[in-house]
Amino acid sequence: MHSRKKTKAIKMTTTYVILIISLLWTIFPLYWMVKSSFTIDKEMYVARPKLFDIAFTAEHYVDLIVNAKFMVNLGNSLMIAAITTIFGLTVSVFASYAMTRLKYPGRKFFSSTVIISYLLPTAVLFIPMYIFVSKLGLGGTKWAMLVIYPTFVVPYCCYMLRSYFTAIPYALEEAALIDGCTRLQSLRHIIVPIALPGIAVTATFAFTMSWNEYLYAMIMTTSMKEMTATVAISSWKYGDIINWGRIMAGCVVASLPVTIIYIVAQSMLVSGKADGSVK
């Protein structure tokens, strides 16, 4: 009995030690980013910077807003990510429903094509994409992203939502159809409410994908006022000169919208809505 308790205590101690180390490993870069954004340049560029004691300043945030005009870039990212997410989810909900519930010729081929298109690397497609948006007259503007981003967000959303829709018992929808619901009504009142946690997860990741995307945004935008937040932050490196204060402040501000999205979406991540619906 004593040996069993000792073994259990060792396992618990080991588990907590691993969790604490993992937590510190995860949090420390975030702490250093926030700390650096409030550290004066004199302290930031010393050979051995202090871990906790800092000379506090808000000049990097003032420089970020007043001189760098970062709020314009942040607004570009918010607009592009929000529109892309809404459009991607709307299209994907209907497409995923068609792939999981409707029977038509070529359904399996269409489903496979969606997955393959998601797996294609962006480095392969950025040249044809650049030519395409240039011919549309959107080259060098932020509007080009609204044409490009759905090409990888929609396949991803379809890939995610298809699994959620497949897990919903067909008997629920069948009962609704027998009661006189149309397919559209069934999708709206049965499928979407049950799959809402999955839709929230998909929307969160779709927003994050659009928010963090760098390659297309760097290639397609040419002026500072058209750049997204990620491209603007990377542009503050001039050869060997790196404006770490502005970069860290920009990273802190740019991480806030995604953090808020995750917190809001977390309240929607409730599973088991369909438990007990079908016996």
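The values are calculated or read from the model by the stated rules, or taken from the named source; none is laboratory data. Nothing here was measured: the structure is a model prediction, and the numbers come from that model. Neighbour counts run over all protein chains shown; Cβ positions are idealised from the backbone, glycine included.
Please pick out the residue among Val124, Val114 that is surrounded by fewer than 16 Cβ atoms within 10 Å (Cβ to Cβ) and modelled with pLDDT under 85. It would help to see each step written out before you state the result.
Details: Val114 fails: surrounded by fewer than 16 Cβ atoms within 10 Å (Cβ to Cβ).
Within the list Val124, Val114, the selection yields Val124.
For Thr221, only one of the following conditions fails: (1) within 22 Å of Phe152 (Cβ to Cβ); (2) out of contact with any strand residue (DSSP E or B) (no Cβ under 7 Å at 6 or more places or on another chain); (3) surrounded by 20 or more Cβ atoms within 10 Å (Cβ to Cβ); (4) of a type outside the set (Gly, Ala, Ser). What is its number?
Among (1) within 22 Å of Phe152 (Cβ to Cβ); (2) out of contact with any strand residue (DSSP E or B) (no Cβ under 7 Å at 6 or more places or on another chain); (3) surrounded by 20 or more Cβ atoms within 10 Å (Cβ to Cβ); (4) of a type outside the set (Gly, Ala, Ser), Thr221 violates only (2).
Would you check which residues across the range 139-153 are touching a residue at least 24 places away in the same chain (Cβ under 8 Å) and either among the hydrophobic types (A, V, I, L, M, F, W, C) or outside the structural domain of Met209 (by TED's automatic domain parsing) (or both) and list them? Show your work before the answer.
Going through the range 139-153, the residues touching a residue at least 24 places away in the same chain (Cβ under 8 Å) turn out to be 139-142, 144-146, 148-153.
Passing the criteria: Ala144, Met145, Leu146, Ile148, Phe152, Val153.
What tally of residues in the range 33-79 results from selecting those that are within 25 Å of the chain's Cα centre (by Cα), among the polar types (S, T, N, Q) and modelled with pLDDT under 90?
2
From the list Ala98, Ala81, which one is more than 22 Å from Leu215 (Cα to Cα) and either assigned by TED's automatic domain parsing to the domain that holds Met248 or β-branched (Val, Ile, Thr) (or both)?
On the way: Ala81 fails: more than 22 Å from Leu215 (Cα to Cα).
Checking each option against the conditions leaves just Ala98.
Which pairs turn up if I take residues in the range 238-266 that are more than 15 Å from Phe205 (Cα to Cα) and look for partners that are among the polar types (S, T, N, Q) and crowded, with 18+ Cβ neighbours inside 10 Å with beta carbon separation below 6 Å, at least 6 apart in sequence or on another chain?
That search, which allows pairs on different chains as well, returns Met248/Ser36; Met248/Ser37; Ala249/Ser37; Val252/Ser37.
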